[in-house]
Structures are given as C-alpha cells and as structure tokens.
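Trainee: Here's a structure for you.
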Amino acid sequence: MRDVAVIGIGMTKWGELWEKSLRDIYVETALMAIEDAGVDHIDSMYIGSMSSGIFVGQEHIASLLADYLGTSPVPSARVETACASGGLALRMGFMEVASGMNDIVLVSGIEKMTDVGGDKATYALGTAADQEYECYHGVTFPGLYALMAVDHMNKYGTTRKQLAEVAVKNHRNGSKNPLAQFPFEVTVDAVLNSVQVADPLRILDCSPITDGAAAAIICPVDMAQKFRDHPVVKILGSGQATDSIALSQRNDISWLESTYRAGKGAYEMAGKKPSDMDLFEVHDCFTIAELCVMEALGMVEKGKSGEAVEKGRTAVNGDIPVNPSGGLKSKGHPVGATGIAQVLEIVKQLRGEAGERQVKDARTGLTQNMGGSGASTVVHIFERD
Amino acid sequence: MTTPSRYWREIPQRYRGEANSCEKCKKKFFPPRLICPKCGNRDLAKAKIADKGKVLSFTIIRVPPSPFKDQAPYAVGIVELKDGVKIMGQIVECDFKDLKVGLPVKIEFRKMFKEGHSGILCYGYKFVPDS
C-alpha cells in the first residue's frame, strides 16, 4: 500500500443556503479544494451524500456533479452510510490512492437539506433508523439518542448539566469558526431552558438542519510536495465498522461498538493509541453522542466522559481537545458533508491555520464520523510530517 | 411508510409477535432472521415473543414525525421481554412521572397511527404498565 496525504481542502460557509442549489454548493466547494491543492486535474472522485433523493429529489448525483464541476468523464461515485457518508468517501478515496489505482482523488460530502420542510427532513433523517421496528413506533433521531442518554445517566450518574456543557463548549469553539452555521456562544442555562425535543434532550442538545458541502484532495505522499507548499498531512489509519441498525438490538444501549471497532482498526493501522492524539473531531449530532464517542474511542474510561467535559478537559486548551471546529452542534450538520468537514478541521489544525481556535502544537488528529444511532462509524487518523 | 403489500407482509410481527429462534444457540430473534448472526446456523424454528418484560430505557417524544402529530407528547421505550428479546415501542397508560428504568410492562395490541390522507388505520403492539 502507498502512503496517502491530504493536499487540498475546501468549504464555504454553512447554513440555510436558499439561494444556492445542490450543484452550486458542490462546485464552489470542490473548486476551493482543487485550488488549495494546486492540482491541474483529478483522476477520480467520491461524493458522500445521505439522501439527495429525498432532500432534493435527485439521485445519480455522482455524474451530475462531475458534469457541473467540469471533470467528466473521470469516474465518480456516490457513497452512503447515512451521516457517515462523508467519512466513507475519504475511506474509498484513500483505498483507491493507497492501492495505486489512481493518484489524485477528490473526496467530498454534500447535503442540501432546506429545500424540504421540517416534517420531510425528519422523515429523511429517520430513514437512517430501522423503518419497520423503530420509526413505526414514532421514535425520532433525537428520541434514539435520548434513549442512550437515559441509559448513560442511569448507569453512570451522568448529569443533565454535563450534557449541556458539551453544547456550551462546542458553541464556544464554533464562535471562532467563520464557516459555522451558528457561530455564537450559549450558556448552560440557555441549554437547560431551551425547548424540549425528546426528554432529556432539548433543542440546544441537537445539531441543526444545514445546507453545505466540504471537499478534500488526496494523493500519494511522495507526490504531495509537487504542488503547493503546504505542510504534508498524512493519513496514517482508516477504520470502519457496523453495528445493528436498531438500537434495541445492542447489548449495551449507550456503548457505541461500531465506534470502538472503527477506532481500534484506525489506531492499529496508524500504530497509535488514544493518548497520542492532539485533538479529535467527533460526531456530536447530539450532546450525548459526544460523551459516548469519547468512551468508545478510549479517550476516557466508560462512564467518565461527563466528568471530563465538566472539568474542561475537552476544551481547545484542555488535555483532550474535542471538536475545536464547533462540532456538528455549532458548525452545522449537512449530514453527508460532515465527515469531510471534520477532515478539513484536522488539516487546518495540523497545518497551524486554525486561527483563534488553534490547538497548540497539534501534530496528530483523529476524525470519527457516525451514521444512524451508531450503526456505522468511520475513523481516520492524520499526522503532519 | 406503509403500502398495502408492506403492511400485509409485516402483520405476523405487528399483530402476533411472531419470532424465531436458533436451534443451536437458543437465541430468540424478533423480527425473525434467516441466519443466526451469532453461530451462522440457518436452522431457525418458529417462536413467539413473551408478552411481559421491563423497561431498559425511555424517552418522551415532544417533536413527533408527521403521522404521530395528534399523539405527542408520548413515551417510547426499549423493553427487555422475559425471553430476552429486546424491542422498541410506545409506553401508554402511564403518567410520564411514573416512567422509570425497570418498570414492569406488558404488551397490548393497539392502534398506532393513521396513514396518509385517506386515514388508513395502522395497528401494532404497545406497552402498558403491568401492575
């Protein structure tokens, strides 16, 4: 296998982008990545998108987007593992470059979610859960994560305030990210008094509905310095795993086995352990998700995540910085794009280009991108040369 | 999403709790499976789920999907039945303040929601406290 580097990144500001279509958002973002990399062509492309069919009534977007980006006839494929689709696009590109099949690959993610109303968006997101044995009973995604939260609180004594601290920390980080959908701070009181969605989760525990895309260019490490003069960011490890789609079928409701397994795979490939990471970008679709992910990735012991957040250990200047970008909570969550936006933040941090939210001396970072209530996870580990 | 063929196909599980179990490792599956994910055995025997169990976790849905608009707020839980099968369902006839992990419940056959503009009634199982 060849070593692989990320040489270009692109992302525009996320939000409710009513004036822009799926293809407009994609092309703008992909062109930024191509320009940042300084390449004059690409050999192949992957697009992570969860549900363009429901959100904009358009399938077959791999060819549509290659056409509008002006890269046809290069091969293009859309890949899908619900909200982990972006991470999967990177993994597919990584395998293609590592194998020697192609050299310069564009990996990207996109979701255009605001062309439909709230009911249809709820339905589209719900298709990532078990339609026959979960959705039929009226559960929603906030509801599924609420079931994990109640279990975590009951087993480990995790508190409502500790959940709120995740949102407060991520909004503090996001307030320093000009590309974030909600770049402002929130207080613990604001979270605890926000509208109830699925007890014990409130609206400020939930990531929002967002339009957006993110893109990256990858190539073999030995070609990386041919183009722009960026510090070389290597992909050291890639892991992916699955779990039961229905939450009820798991042995432990608040343990993310797919994240544990994907993390284990990536750590082993990279020859690294959790304490080697300088920062983590993880899938905080709900505040409880960030806590469960911290435990599954081995940052803290099982049941100790709430306490770690409360003590400030996961802040940008803490000993295990988590989501310096603002996470899904503040930055936004255009589902298919999230996994690549995590890569973008890690690359910025490792290049030392993260501005006010820069983690000091960051050299090694990890992304964790998750689909459904944890039925899919993709993990990658990156290091600056 | 319910269509006549899909609704009809799912009746054995929704109305009668039909499951199956692995002849080798004795694990029961609901919904039934074609292969045991634990031991790979394909020799699975017909079974039924137990009608009583206890709540493992619960939530109260305040912002519902559109077919459930007229029911919100309502409680949804994961229940472990006496035969070890774990299933999700609504917990009804229970004050929200009485919901707790470990609450004994039994299965009852209920109306779930009305489908679409024609208002076709969809049925299935829900949980009620077992006192």
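Where a number appears in this text, it was derived from the coordinates with a stated rule and is not lab data. Note that the coordinates shown come from a computational prediction; the quantities given were computed from them, not determined experimentally. Don't worry about glycine lacking a Cβ; one is built from the backbone with ideal geometry, like all the others, and counts go over all protein chains shown.
Trainee: So what's the back-of-envelope 222 nm ellipticity for chain A, counting only DSSP H runs of four-plus at -39500 (n - 2.57) apiece and dividing by all residues, rounded to 500?
Mentor: Computed ellipticity for chain A at 222 nm equals -10500 deg cm²/dmol.
Trainee: Follow-up question, since we're still on this one. Work out how far the C-alpha atoms of region B:50-131 reach from end to end along every principal axis, then list the three figures in whole Å, largest first.
Mentor: Cα spread of region B:50-131 along its principal axes, largest to smallest: 38, 25, 19 Å.
Trainee: Please list, in chain and number order, the residues 5+ apart from B:Gly89 or on another chain whose amide H is under 5 Å from its amide H, with Hs placed from the backbone.
Mentor: B:Gly77, B:Val79
Trainee: Using the Karplus curve 6.51 cos²θ - 1.76 cosθ + 1.60 with θ = phi - 60°, work out ³J(HN,Hα) for each residue of region A:177-194 in order, rounded to whole Hz, and write x for Gly and Pro.
Mentor: 10, x, 8, 6, 5, 10, x, 9, 8, 10, 9, 4, 4, 4, 5, 5, 10, 6
Trainee: When A:Met113, A:Met153 are ordered from fewest to most other Cβ atoms inside 10 Å of their Cβ, what list results?
Mentor: A:Met153, A:Met113
Trainee: Further question on the same structure: Using R₀ = 60 Å, calculate the FRET efficiency as 1/(1 + (r/R₀)^6) where r is the Cβ-Cβ separation of A:Ala190 and B:Asp43; round to 0.05.
Mentor: 0.60
Trainee: Please list the radius of gyration and Dmax for chain A, considering alpha-carbon atoms only, with Å as the unit.
Mentor: Reported Rg and Dmax, both Å: 19.0, 56.
Trainee: Most fluctuating residue of A:Ile42, A:Ile25, A:Ile346 in a GNM of chain A with Cα springs under 10 Å: which is it?
Mentor: Fluctuation is largest for A:Ile42.
Trainee: Would you grab the residues whose amide H sits under 5 Å from the one on A:Gly15? Only those 5+ places off in sequence or on another chain, please, with H modelled 1.01 Å from N.
Mentor: A:Asp211
Trainee: Take every Cα pair under 8 Å in region A:171-272 that's 6+ residues apart, average their separations, divide by the length, and report that relative contact order as a whole percent.
Mentor: 16 percent
Trainee: A further question follows. If you average the alpha carbon positions of region A:1-71 and of region B:44-121, how far apart do those two centres end up, in angstrom?
Mentor: 41 Å
Trainee: Sorted by average packing, counted as other Cβ atoms within 10 angstrom per residue and highest first, what order do A:228-241, A:156-169, B:106-119 take?
Mentor: Descending mean neighbour count gives A:156-169, A:228-241, B:106-119.
Trainee: If you don't mind, there's one more thing I want to ask. DSSP beta bridges in region B:50-131, what fraction antiparallel, as a percent rounded to 5?
Mentor: 95 percent
Trainee: Could you calculate the FRET efficiency of A:Glu19 with A:Ser63 from 1/(1 + (r/R0)^6), where r is the beta carbon distance between them and R0 is 22 Å, rounded to 0.05?
Mentor: 0.35
Trainee: Just to be sure I understand: of the beta bridges DSSP finds with both ends in region A:1-139, what percent are antiparallel, rounded to 5?
Mentor: 0 percent
Trainee: Also, I was wondering about something else. For A:143-151, what's the mean count of beta carbons from other chains sitting within 10 Å of each residue's beta carbon?
Mentor: The mean count of partner-chain Cβ atoms within 10 Å per residue comes to 6.
Trainee: Same structure again: With springs only between Cα atoms under 10 Å, which of B:Leu121, B:Leu44, B:Leu56 fluctuates most in a Gaussian network model of chain B?
Mentor: Of B:Leu121, B:Leu44, B:Leu56, the Gaussian network model singles out B:Leu121 as fluctuating most.
Trainee: 5 Å is the cut-off here: which amide hydrogens, built 1.01 Å from N in the peptide plane, fall below it relative to A:Val4, excluding neighbours closer than 5 in sequence?
Mentor: Those lying under 5 Å, H to H, from A:Val4 are A:Val221, A:Ile235.
Trainee: Can you compute the charge dipole magnitude of chain A about its Cα centre, using +1 on each Lys and Arg Cβ and -1 on each Asp and Glu Cβ, nothing else charged? Give it in debye, rounded to the nearest 20.
Mentor: 700 debye
Trainee: Quote the relative contact order of chain A in percent (integer), defining contacts as alpha-carbon pairs under 8 Å separated by 6+ residues.
Mentor: It rounds to 26 percent for chain A.
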